[in-house]
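Here's the structure, in structure tokens; my notes come after.
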Amino acid sequence: MTYQKEKIWIFVDNEGPCTLNDNAQENTVALAKKCGFSEEVGISFYKNTSNIDDIWGDFHKVPKDPSYSSGHTLKVVLPFYKALGANAQWLYEFARKSIRIVPNIVEVLADLSRKYNTWMISTSYEFFIQAFCDRVGFDFSKARCTAVPKFDEIPINDEEILLLLAFMKEIAQMPTIEYDPKTGQVIPEHQASYEHFTNFIWETIYNLPVGALLRIVHPVGQAQKREAVEEILKESRIPLEKVMGVGDSQTDLQWVRLLTSKGLSMMFNGKGKVCHESDIMYIGEDARAIEEVADLFAKWGRQGVVNYYKPPREAKCGGLLAAVTPENIEELELISAKKRKEFRGIYIGELT
């Protein structure tokens, strides 16, 4: 097969398809331990924050930040990183030391970049994506991720540190907020806890000097991922029919919808409702599945790929590749969620 670099454009998420990490969660746990807290405090605080992020992001309940989108947990936890003693150098070095790459992703990204126009669109912090690019040789200029300007310059005093650390321990003990997934309505038993959390972030922290992080950091969340894809395609006048995206979670939902019935969307051990709207699901442990699907997409287009993976097939590298249908999505989602926990670890696998 003769490859033409302009034949297709590929957008790949990082955490999930390229790495096993959830860097923001891992930062939180490591910093909590560094500060003398138990690991469970870091795990539970991040899990509860991420859960409320889904409510804010999916149902637009942040009046002070109309652009808030799923994935913006990354701005919410930054003041707590300051309170826990992090600086930009620590965040980069921790990322560099803790990166766990998906098997064969180095070779796959090199091949995809040689054959096609390949970009990385990730919610992850720039510290992590820079460390990843340094590790695998991917061009950082072709990555879009969450910039954190002036992190070291933004002040926090001892009184504010104590305030944030006490709140962090409190939230770690809070029950996970339950809500209606269709409306975002929090159950009555959890309403007070939800309002307490919301008010502390958007009234107390927002009005502190360290709250500048809530105002100046703009994570590449669900909406911003789609905007990044649209901007890149518009600049090069690329039709959606030439576009393939690879993701794994809720933050990929908007670009998946952008590609619906035109480009090709693929979930790599995906979780959540984004799987229901995707074209292809891969359930396995090898990045070569991405290249297998990309080569077929370049040859046959979206419909050809979808037809090929009906019924599901074993990927050449192992694992399952399947076109998503109303008949198989529930089973695929269950199998994928199980694999996600096995492959990435239970605490990361449970996050959306």
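The values are calculated or read from the model by the stated rules, or taken from the named source; none is laboratory data. The model shown is predicted, which means the values in this text are computed figures rather than measured ones. As a convention, Cβ positions derive from the backbone with ideal geometry for all residues, glycine included, and neighbour counts pool all protein chains shown.
Points worth noting:
Matching residues to (1) under 16 Å from residue 199 (Cα atoms); (2) not charged (D, E, K, R):
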| position | (1), (2) |
| --- | --- |
| 33 | no, no |
| 37 | no, yes |
| 44 | no, yes |
| 59 | no, yes |
| 69 | no, yes |
| 76 | yes, yes |
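- Verdict on residue 61 being farther than 24 Å from residue 290 by Cβ, of a type outside the set (Gly, Ala, Ser) and either surrounded by fewer than 19 Cβ atoms within 10 Å (Cβ to Cβ) or out of contact with any helix residue (DSSP H, G or I) (no Cβ under 7 Å at 6 or more places or on another chain) (or both): yes
- The helices (runs of 4 or more DSSP H) located wholly in region 248-352 that include 3 or more residues which are more than 24 Å from residue 21 (Cα to Cα), over 15 Å from the mean Cα position of the chain (by Cα) and free of Cβ contacts under 8 Å to residues at least 24 places away in the same chain occupy 288-308.
- Just one of (1) of a type in the set (A, V, I, L, M, F, W, C); (2) part of a helix (DSSP H, G or I); (3) closer than 27 Å to residue 289 by Cβ fails for residue 138. It is (2).
- Looking only at residues in region 217-235 that are over 14 Å from residue 247 (Cβ atoms) and part of a loop (DSSP other than H, G, I, E, B), the one that is farthest from the chain's Cα centre (by Cα) is 217.
- Qualifying residue in region 154-166 (condition: more than 19 Å from residue 31 (Cβ to Cβ) and either more than 23 Å from the chain's Cα centre (by Cα) or outside any helix (DSSP H, G or I) (or both)): yes
- Some residue of region 112-126 being touching a Gly at 6+ places or on another chain (Cβ under 9 Å), buried (at least 18 other Cβ atoms within 10 Å of the Cβ), closer than 20 Å to residue 221 by Cα and not aromatic (Phe, Trp, Tyr): yes
Rundown of residues vs (1) within 23 Å of residue 234 (Cβ to Cβ); (2) in contact with a strand residue (DSSP E or B) (Cβ under 8 Å, 6 or more places away or on another chain), yes/no style:
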| position | (1), (2) |
| --- | --- |
| 259 | yes, yes |
| 262 | yes, yes |
| 266 | yes, yes |
| 271 | no, no |
| 275 | no, yes |
| 279 | yes, yes |
| 282 | no, yes |
| 285 | no, no |
| 291 | no, no |
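- Among (1) farther than 17 Å from residue 21 by Cβ; (2) not in a loop (DSSP other than H, G, I, E, B), the one test that residue 151 misses: (2)
- The residues of region 136-184 include none that are in contact with a Pro (Cβ under 7 Å, 6 or more places away or on another chain) and modelled with pLDDT under 95.
- Output for region 26-83, where each listed residue is in contact with a Lys or Arg (Cβ under 9 Å, 6 or more places away or on another chain), part of a helix (DSSP H, G or I) and of a type in the set (A, V, I, L, M, F, W, C): 41, 45, 55
- Cβ-Cβ under 7 Å pairs, at least 6 apart or on other chains, region 172-201 side in the same structural domain as residue 80 (by TED's automatic domain parsing), far side loosely packed, with under 15 Cβ neighbours inside 10 Å and among the β-branched types (Val, Ile, Thr): 178/187; 179/187
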